[in-house]
Amino acid sequence: MVRLRRTVRFAINPDGSAGGSNGDGGVPAISGLARAYELDVACIGVPNPESGYLVNIKAIDRAVRENALPVIARACRERPESDPAALLPELARAIQHGLDVAVASVRWKLTRTLSMETDMPATEPPRVLIRQRFDLACAHRLHNPALSDEANRALYGKCNNRNGHGHNYRVEPAVSIEVSPEGRGGLSVLELEEIVEREIVDPFDHTHLNEDTEEFATGSGLVPSVENIARVFYERLAPAIEGAGPGARLASITVWETDRTSCTYPADPSDS
């Protein structure tokens, strides 16, 4: 059993034009003040022993452009106020209709930092996972007061420097919401941003975690590693998300310390 992922880029053009041949740039190519999107389609199954393919990727491209793109274009034209989360399950069904292989999930990348994903087969009511990325700048010092100064230097190296050091962190909560029968998501992107600003960005941005925050205060015993930061952020955010709308819950949160180091809490068991 394998999982094959394919990213399909395309533009919804105001004049309805459908030309273009650069798949990496997107087909249709962008024209005028268009909307540019990506759909990540994950298919699952057993590859054909003769071809080695689970499915020809051109078939995935075709299923997106022939089956899903018209749904989005129609909504942009007739119902531009539509909630993307509510539209996503319909897109996933449309893509599945165009393929002979099982679709496991569809992820709609609406912007560079915002995406929405739904699993297949869909639950009832459908659920959508919203991911939105935020950034904040913090300083910290990795130091465990239960250890000697020598042991701390040996364990943490430069990260144990007395005055600390800084990171530009990226934080991405993954929020699971229900789609109502009326076609609305249980939590809007605006509401999510307001909650994250209140619970994460405002209390922690431009702080020295050891000196300015209760959670990582010197002497608390909680070292502000990226692992502990992810857990603390999750524990602050989860109750606020659950209280924001029916069926909304925080599935996980990912914190990037650098572009090469990140931590997700709680871990997805499927990653093990």
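The values are calculated or read from the model by the stated rules, or taken from the named source; none is laboratory data. Since we're looking at a predicted model, the values are computed, not measured. No Cβ is skipped: glycine too gets one built from the backbone with ideal geometry, and neighbour counts run over all protein chains shown.
Can you name every residue in the range 99-112 that is without any contact (Cβ under 8 Å) to a residue 40 or more places away in the chain and closer than 21 Å to residue 1 by Cα? Outline the logic, then answer.
Going through the range 99-112, the residues without any contact (Cβ under 8 Å) to a residue 40 or more places away in the chain turn out to be 111-112.
Result: no residue meets the conditions.
Name the residue, out of 80, 89, that is in contact (Cβ under 8 Å) with a residue 24 or more places away in the chain and either within 16 Å of residue 117 (Cα to Cα) or in the same structural domain as residue 23 (by TED's automatic domain parsing) (or both). Before the answer, list the steps.
Values: 80 fails: in contact (Cβ under 8 Å) with a residue 24 or more places away in the chain.
The unique qualifying residue is 89.
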Handout entry: Test for residue 250: is it under 17 Å from residue 204 (Cα atoms), in contact with a Leu (Cβ under 6 Å, 6 or more places away or on another chain), buried (at least 18 other Cβ atoms within 10 Å of the Cβ) and of a type in the set (A, V, I, L, M)
Key = no
Practice task
Give the range 215-227 a look and list any residue that's modelled with pLDDT under 95 and out of contact with any helix residue (DSSP H, G or I) (no Cβ under 8 Å at 6 or more places or on another chain), or say none.
Solution key: 219, 220, 221
Exercise for the section: Specify which of the listed residues (196, 201) is within 24 Å of residue 258 (Cα to Cα) and crowded, with 18+ Cβ neighbours inside 10 Å. Expected result: 196
Exercise for the section: Search the range 86-129 for residues being crowded, with 17+ Cβ neighbours inside 10 Å and basic (Lys, Arg), and hand back the single one that is farthest from the chain's Cα centre (by Cα). Expected result: 93
Handout entry: Residues (touching a Gly at 6+ places or on another chain (Cβ under 6 Å) and closer than 20 Å to residue 204 by Cα) located in the range 98-145
Key = 139, 140, 141
Exercise for the section: Kindly list, by first and then second residue, each pair from a residue in the range 184-203 that is touching a residue at least 12 places away in the same chain (Cβ under 8 Å) to a residue that is assigned to a helix (DSSP H, G or I) and not hydrophobic (A, V, I, L, M, F, W, C), limited to pairs with Cβ atoms under 7 Å and residues at least 6 apart or on different chains. Expected result: 199/236; 200/236
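Tell me yes or no: at least one residue of the range 38-59 is under 23 Å from the mean Cα position of the chain (by Cα), free of Cβ contacts under 8 Å to residues at least 40 places away in the same chain and farther than 13 Å from residue 104 by Cα.
Going through the range 38-59, the residues under 23 Å from the mean Cα position of the chain (by Cα) turn out to be 38-44.
Now restrict to residues that are free of Cβ contacts under 8 Å to residues at least 40 places away in the same chain: none.
No; the residues of the range 38-59 include none that is under 23 Å from the mean Cα position of the chain (by Cα), free of Cβ contacts under 8 Å to residues at least 40 places away in the same chain and farther than 13 Å from residue 104 by Cα.
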Practice task
Please list, ordered by first then second residue, the pairs with beta carbon atoms under 9 Å, 6 or more apart or interchain, first in the range 221-241 and farther than 15 Å from residue 264 by Cα and without any contact (Cβ under 8 Å) to a residue 24 or more places away in the chain, second assigned to a loop (DSSP other than H, G, I, E, B) and hydrophobic (A, V, I, L, M, F, W, C).
Solution key: 222/216
Problem - Failed item, numbered, when residue 248 is tested on (1) farther than 18 Å from residue 136 by Cα; (2) without any contact (Cβ under 8 Å) to a residue 24 or more places away in the chain - result: (2)
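Just the residues that are small (Gly, Ala, Ser), touching a Lys or Arg at 6+ places or on another chain (Cβ under 9 Å) and touching a residue at least 12 places away in the same chain (Cβ under 8 Å), please, taken from the range 1-37. Even if it seems obvious, please write down each step before you answer.
So the first thing to find is which residues in the range 1-37 are small (Gly, Ala, Ser), and the list is 11, 16-21, 23, 25-26, 29, 31-32, 34, 36.
Okay, now just the ones that are also touching a Lys or Arg at 6+ places or on another chain (Cβ under 9 Å), so 11, 16, 18, 23, 25-26, 36.
Within the range 1-37, 11, 16, 23, 25, 26, 36 meet the criteria.
Any residue that is crowded, with 21+ Cβ neighbours inside 10 Å and outside any loop (DSSP other than H, G, I, E, B) - is there at least one of those in the range 212-222? Spell out the reasoning first.
Here is the first cut: in the range 212-222, the residues crowded, with 21+ Cβ neighbours inside 10 Å are 216.
When the remaining residues are screened for being outside any loop (DSSP other than H, G, I, E, B), the result is none.
Checked against the condition, which is being crowded, with 21+ Cβ neighbours inside 10 Å and outside any loop (DSSP other than H, G, I, E, B), the range 212-222 yields no hits at all.
Return the only residue of 32, 45, 26 being touching a Pro at 6+ places or on another chain (Cβ under 6 Å), assigned by TED's automatic domain parsing to the domain that holds residue 8 and at positive phi.
Working: 45 fails: touching a Pro at 6+ places or on another chain (Cβ under 6 Å); 26 fails: touching a Pro at 6+ places or on another chain (Cβ under 6 Å).
After ruling out the rest, the residue left standing is 32.
Do any strands (runs of 3 or more DSSP E) entirely within the range 102-189 hold 1 or more residues that are within 30 Å of residue 217 (Cα to Cα), and if so, which?
127-132, 134-140, 165-178
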